[in-house]
Amino acid sequence: MSENKNIIVAPTKVDPNFLQNIYELGIRTIFADTVNTFDVPLNVIRPSGDSTYVWESDNNERAGRRYHILSNADIQIMLNDASAGLDFVIADVDDWKIIPLENTIAKLHDVDSKILVVAKTADEVRKMFSILDIGVDGVILETDSIQEVSNTVSLQDQSSFEMIPARVTAVREVGDGERVCVDTASILHMGEGLLVGNRSNFLFLIHNESVGSSFTSPRPFRVNAGAVHCYTLSPDGTTRYLSEIESGSEVVVVTKSGASRRAITGRSKIERRPMLFVTATTSSESGGIIAQNAETIRFVRPDGELVSVTHLKEGDEIMVHATPAAGRHFGMKVASEYILEK
């Protein structure tokens with residue numbers, strides 16, 4: 001989800017405490033019937049006449065209109081007005097939400113006018129921001145719930161992970177175990193994979209199976225991630241065991257530079273296979289991973305080249321995400337808790 005999407009909160013009553021709380025969550029604009037006379041430095045979208053709205057921000061005013069979309073004819077009217085110079089349009093849709101907005105985005109995406117829509121929950125916002133893969137420019141979230149605002153803001157977070165080289169210290173066979181293939185509902189690109197490891201603070205970048213061979217077809221949706229006990233990351237910053245990943249679970253897809261995106265798990269496939277134990281170390285941390293002993297499991301070198309676990313050897317450098325050790329309680333980080341994992 002793009003970081004420049006606008007999340008605008010429309011509370012039923014303008015309460016100073018609520019405004020302060022949403023400001024601290026990162027909200028910078030509210031939708032209200034009044035100018036902002038409070039201490040919280042929020043921009044305001046407010047009505048100024050017949051279906052006309054003013055977006056007040058940084059001593060500037062932008063003009064917009066609100067439309068009740070019931071048919072393609074309503075979308076055409078909105079397009080005509082936007083083309084005539086409106087700064088933004090607000091689309092209200094009823095039971096049919098997706099198709100009208102797809103048509104709206106298709107018609108208006110080349111017009112220099114922001115498309116805003118109304119939503120009531122974070123789940124609705126998620127859909128609005130991904131329609132036609134472009135999404136709307138902003139959502140007016142009608143809520144008085146801080147939790148709903150927090151859930152919505154978290155959808156926009158695109159975490160970046162510090163990735164550093166680690167030196168492989170050992171690779172050895174450890175017998176059979178259950179490994180997890182995470183099949184996502186997304187096409188994963190070259191350079192992307194999951195962060196996986198025996199310890200939550202030392203996670204290896206395991207590449208997806210977009211690389212084929214004379215014996216295997218590419219499966220760019222799959223990461224053969226590791227043994228069932230291994231950790232991986234969720235978008236909310238918690239960890240999950242690979243054994244907990246199932247259809248519908250969200251996982252974090254990461255590149256060697258640390259850029260990330262969300263992906264939905266379409267299927268988790270657990271099977272018993274021969275396993276390898278890999279350990280590695282950085283200047284301050286060490287960790288390991290148990291992964292399947294097969295050529296299709298690949299780590300990522302600092303230069304972006306891939307190396308199969310079956311060709312990995314002591315002294316090789318591979319990319320990891322390593323942080324100081326901290327406790328975890330049901331996946332949630334507890335920074336001050338003493339922990340020793342070995």
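Overview of values
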| item | result |
| --- | --- |
| Förster radius 51 Å - calculated FRET efficiency between Ile99 and Thr34 (Cβ-Cβ, nearest 0.05) | 0.90 |
| Calculated over the range 6-156: convex hull of Cα atoms, volume per residue (Å³) | 108 |
| Extension gain, Ser71 back to Thr310 (0.36 nm per residue minus Cα-Cα distance, nm) | 80.2 nm |
| Using alpha-carbon coordinates, inclination of helix 146-156 to the longest axis of the chain, degrees | 60 |
| Spin-label pair Ser234/Val14, simplified geometry with 7 Å Cα→Cβ offset, distance in nm | 3.8 |
| Rounded to 10°, Cα long-axis angle of helix 98-108 versus longest principal axis of the chain | 70 |
| Reciprocal of mean inverse Cα separation for the range 64-221 (Kirkwood radius, Å) | 19.7 |
| Candidates Gly26, Gly287, Gly266, ranked by Gaussian network fluctuation over the chain, Cα under 10 Å, top entry | Gly26 |
| Radius of gyration and maximum dimension Dmax of the chain, Cα, Å | 24.1, 74 |
| Qualifying aspartates and glutamates (Cα of each under 17 Å from Cα of Lys107; at least 8 residues distant if same chain) | Asp74, Asp81, Asp87, Asp92, Asp133, Asp137 |
| Members of Lys269/Lys313; Lys127/Lys256; Lys127/Lys269; Lys13/Lys120 lying beyond 21 Å, as alpha-carbon distances in this model show | Lys269/Lys313; Lys127/Lys256; Lys127/Lys269 |
| Kirkwood Rh (inverse of mean 1/r, distinct Cα pairs), the range 227-333, angstrom | 15.3 |
| Value at 222 nm in deg cm²/dmol, rounded to 500, when DSSP H runs of n ≥ 4 in the chain each add -39,500 (n - 2.57) | -4500 deg cm²/dmol |
| 0 to 90° range, to nearest 10: angle between helix 72-83 axis and the chain longest Cα axis | 80 |
| Rounded to the nearest 20 debye, dipole of the chain from Cβ charges on Lys, Arg, Asp, Glu | 1140 |
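Coordinate-derived values only; no laboratory data. Keep in mind that this is a model prediction, so the values were computed, not measured. Positions of Cβ are backbone-derived with ideal geometry, glycine not excepted, and every protein chain shown enters the neighbour counts.
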